[in-house]
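Below is one structure, written out as structure tokens, with a few remarks after it.
The values are calculated or read from the model by the stated rules, or taken from the named source; none is laboratory data. Model, not experiment: these values are computed from the prediction. Heads up, the Cβs are rebuilt from the backbone with ideal geometry, glycines too, and the neighbour counts pull from every protein chain shown. SASA here: full protein model, heavy atoms, side chains in, ligands and nucleic acids out. Shrake-Rupley method; radii C 1.70, N 1.55, O 1.52, S 1.80 Å.
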Amino acid sequence: GPALVSGRVNQILVNPNKTSEYYVLVASGGIWKTINNGTTFNPIFDNYGSYSMGHLAMDPSNSAVLWLGTGENNNQRSVAYGDGMYKSDDAGKTWKHVGLKNSEHIGQIVVDPIDGNIVYVAVYGPLWNSGGERGIYKTTDGGKTWNSILNVSENTGLNEIHMDPRNNKVL
């Protein structure tokens, strides 16, 4: 759990279309993927810009599309920051950096179930000082551009965002 300095598992994401495949995000240890119900795991993010993981989301309409927010989201005394958002179109084989480089900590990601190009991200920003990217960000073009849609202040970040499962227009 998130209470100890090492071994912090942030998230387990199971592919609902193939439950033998799942991803394990480690606060300061990358992403580990299994395709055989956890018999073996392989690291799938070791060659990219951050080792600190915040949140992983799967496109509900295409399980091969993954959205990763870096920078651990269980902030405490020992914490590592990330370098923004990444996207994979091939179930984690390759990743592309898609923005929010100054976010440092991503709390949560929600992918629109109707249009996978629409993604919402809750961003903490820097933990120990003001500034950076904070609030709720939205892309409508698959991560090419991001717009701030909720900003409280230069000192206030957001941890979670949820979508009403009955109405994708309600957050």
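When the C-alpha to C-alpha distance is required to be over 19 Å, the pairs from LYS101/LYS138; LYS33/LYS93; LYS33/LYS101; LYS33/LYS144; LYS93/LYS138; LYS18/LYS138 that qualify are LYS33/LYS101; LYS33/LYS144; LYS93/LYS138; LYS18/LYS138. Estimated at 0.36 nm per residue, the fully extended path between ARG166 and THR34 surpasses their Cα-Cα distance by 44.4 nm. Here the extension length gained between ASN62 and ASN159 equals 32.4 nm, from 0.36 nm per residue of separation less the Cα-Cα distance.
Grab the Cα-Cα distance for ASP115 and LYS144, subtract it from 0.36 nm times how many residues apart they are, and report the gain in nm with one decimal.
Numbers: separation 29, 0.36 × 29 = 10.44 nm, distance 1.49 nm.
Answer, rounded to one decimal: 9.0 nm.
For segment 62-128, the list of trypsin sites (Lys or Arg not before Pro) that fall in a loop by DSSP and count at most 11 other C-beta atoms within 10 angstrom reads ARG77, LYS93.
Would you mind getting the accessible area per residue of the chain, heavy atoms of the protein chains only, 1.4 Å probe, in Å²?
That works out to 50 Å² for each residue.
Rg over Rh for segment 1-104 works out to 0.95, both radii taken from alpha-carbon positions and Rh defined as the Kirkwood radius. Say we join alpha carbon atoms closer than 10 Å with springs in a Gaussian network model of the chain; which of VAL119, VAL79, VAL110 then has the biggest fluctuation? In the Gaussian network model the winner is VAL79.
For segment 33-171, with all protein chains present and a 1.4 Å probe, just round the carbon and sulfur fraction of the accessible area to a whole percent. Provide the component values of the computation, followed by the final result.
Values: 3260 of 6870 Å².
In segment 33-171, the share of accessible area belonging to carbon and sulfur is 47 percent.
Computed over segment 16-67, the P(r) curve from all C-alpha pair distances, binned at 10 Å from the origin, holds 24, 54, 22 percent per bin.
Quote the Stokes-Einstein diffusion coefficient, in whole µm² s⁻¹, for segment 63-171, based on the Kirkwood radius over alpha carbon pairs, a temperature of 20 °C and a viscosity of 1.002 mPa s. Walk me through the numbers before you get to the answer.
Details: Rh = 14.0 Å.
After rounding, the answer is 153 µm²/s.
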